[in-house]
Amino acid sequence: MVKFGSTENRSRIVFLLSLVTSIVLIILFLSGSLLTNMSRGEIAYTQVDMAAGSIFVFVITMIISLSLWPRAADWLENRENDDKIPE
């Protein structure tokens, strides 16, 4: 089911998954801050706050996801190997 192939290929996949995870979380952060600004009568967050927050969210999520995605890949590969019935 889940085959990552070589170590090079696996590194690319983990990096791309981390990048996608970070981008999705940035979109959630920005939409939350924009919705907060629209729901209040006054501006709660400036553009500088949102830009700095987005950079912070990107860096933190990249650090966390780059450490979690390899573990998830190992778990999926081990689960697949355990599910195979030896003949």
Give the label of the value calculated from the structure for P(r) over Cα pairs in 10 Å bins from 0, in percent, choosing from (1) 16, 53, 26, 4, 0; (2) 16, 33, 22, 16, 10, 3, 1; (3) 17, 38, 23, 19, 3.
-> (2)
Give me the number: length gained by fully extending VAL59 to SER11, i.e. 0.36 nm times residue separation minus the C-alpha to C-alpha distance, one decimal in nm.
-> 15.4 nm
Value of relative contact order over the chain, rounded to a whole percent, pairs C-alpha under 8 Å and six or more apart = 44 percent
The range 17-34-the range 46-73 distance, computed between alpha-carbon centres (Å) | 8 Å
Give me the distance in nm between label points sitting 7 Å out from Cα along the Cα-to-Cβ direction at LEU30 and TYR45, one decimal.
-> 1.1 nm
At 222 nm, what helix-only mean residue ellipticity would the chain give, in deg cm²/dmol to the nearest 500, using -39500 (n - 2.57) for each DSSP H run of four or more?
-> -29500 deg cm²/dmol
Calculate how steeply helix 47-83 sits against the longest principal axis of the alpha-carbon atoms of the chain, using the helix alpha-carbon long axis, and give the answer as 0 to 90 degrees to the nearest 10.
-> 20 degrees
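No lab work stands behind these numbers, since they all come straight from the coordinates. What you see is a predicted model, and the numbers here were worked out from it, not measured in a lab. We place every Cβ from the backbone using ideal geometry, glycine too, and count neighbours over all the protein chains shown.
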